[in-house]
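For reference, the structure is listed below as structure tokens.
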Amino acid sequence: MALETKLTIGNDLEELDRVHAWVEAFQADNALSADVAFALTLSFDELLTNIISYGYPTDVQHAVWISMRIVGEDLHIRIEDQAAPFNPLTAEEPDIDAPIEERRIGGLGIHFVRTVMDSVEYQHSDGRNILLLVKRLSSS
Amino acid sequence: MNDFKVGIRHMDTVTVFDLKGYLDAHTAPDLEQAFLSAIDGRKYNLVVNFRDLAYISSAGLGVLMQFIEDVRKNEGDIKLSNMSPRVFNVFDLLGFPMLYEIYAEERDALEKFRNNVTHPPYQKPDTGE
């Protein structure tokens, strides 16, 4: 059982495929439920898409460091990048009761992440944006 | 690996999109292209069949939102069918069942078009305020 796994990816949306496979392998190694794996895949997808699309909008290569670690009954996720300081958690919550013509496409991803994870925190230190997420394994 | 594919079928006046695999920010442009080709051909009666879709992120929902107004303005609709519980959950989290008709089976969506039932105008639920 690998209780911790790390991956470094580039700022390219093609890397999402590699992240999916990496989450699947960790799920298999640790016998995680399909619901937990879905929450992990969705969270990485949404947060990494934001970083790749908006944090690093140019073609210059940058790295994003991601990791998963099982700590007791919790699964901890860490996502670090060196883009300009940006806290995605300050994004406005989408109005999910609004009619279609008033809907905006932005902000949906972070809403998903908040819904499927048990906690989401943002820090900025040593020139890095750091997102720390926790998913409780027992509740699912 | 995590491939995504869109198949297109024409059923009478309805264009059906069969989605397969992983729909995320990387693959969403393929779906966007499929919608564009239908709309360029003035096809506005659209059904999206999710039977073989394993996964959808907000980028996939964004594509549906991008085209729905244009399609309804042309008296068409985008109806959705055959979602797995997990994919339905993603739509549900954002209140999409109020905005789109979602059917258990594709034939029910096709039937709705055949009977020429247009999308009901949006009504805010009565919250008693």
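No value in this document is a laboratory result; all are computed from the given coordinates. This one's a predicted model, so the numbers in the text were calculated from it and none came from an experiment. Reconstructed Cβ throughout: ideal geometry from the backbone, glycine too, with neighbour counts over all protein chains shown.
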Most mobile of B:N45, B:N74, B:N82 in a GNM of chain B (Cα contacts under 10 Å): B:N74
Bins of 10 Å, starting at 0 and running to the largest distance - Cα pair percent for the range A:3-76: 18, 52, 24, 6
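Averaged over B:89-100, how many beta carbons belonging to a partner chain fall within 10 Å of each residue's beta carbon? Could the numbers behind the result be given before it?
Numbers: counts 4, 6, 0, 1, 8, 7, 6, 3, 0, 5, 5, 1.
Other-chain Cβ atoms within 10 Å of each residue's Cβ, averaged: 4.
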Candidates A:P99, A:P85, A:P57: whichever shows maximal mean-square fluctuation once chain A is modelled as a Gaussian network with Cα springs under 10 Å: A:P99
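Diagonalise the Cα gyration tensor of the range B:4-103 and give the resulting equivalent ellipsoid semi-axes, square root of 5 times each eigenvalue, largest first, whole Å. Walk me through the numbers before you get to the answer.
Values: eigenvalues 74, 44, 33 Å².
Each semi-axis is √(5λ); the values are 19, 15, 13 Å.
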Ranking of A:I77, B:I8, B:I39 by count of other Cβ atoms within 10 Å, fewest first: B:I8, B:I39, A:I77
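Below 19 Å Cα-Cα, how many Lys pairs turn up in the range B:4-103? Only count pairs eight or more apart in sequence, or on different chains, if you could.
Numbers: B:K5/B:K20; B:K5/B:K79; B:K20/B:K79; B:K43/B:K73; B:K43/B:K79.
Here the count comes out as 5.
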Highest-fluctuation residue, A:E93, A:E102, A:E14 considered, GNM on chain A with Cα pairs under 10 Å: A:E102
Other protein chain Cβ atoms within 10 Å, averaged over every residue that makes up A:78-84: 0
Other protein chain Cβ atoms within 10 Å, averaged over every residue that makes up A:93-100: 5
Chain B: calculated mean residue ellipticity at 222 nm from DSSP helix runs of at least 4, using -39500 (n - 2.57): -11000 deg cm²/dmol
Percent of Cα pairs exceeding the 14 Å cut-off, where the set is the range B:31-70: 50 percent
Mean Cβ neighbour count within 10 Å, used as a protection proxy, ranking B:88-97, A:15-24 highest first: A:15-24, B:88-97
Share of alpha-carbon pairs per 10 Å distance bin for the protein assembly as shown, given as whole %: 6, 28, 33, 21, 10, 1, 0
Value of D in µm² per second that Stokes-Einstein yields for the range A:4-136, Kirkwood Rh from Cα pairs, at 37 °C (0.692 mPa s): 212 µm²/s
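What does the charge count near A:Q27 come to, summing +1 for each Lys or Arg and -1 for each Asp or Glu among other residues with Cβ under 13 Å from its Cβ?
Numbers: positive: A:K135; negative: A:E24, A:D29, A:D35.
That sum, taken over residues with Cβ under 13 Å, equals -2.
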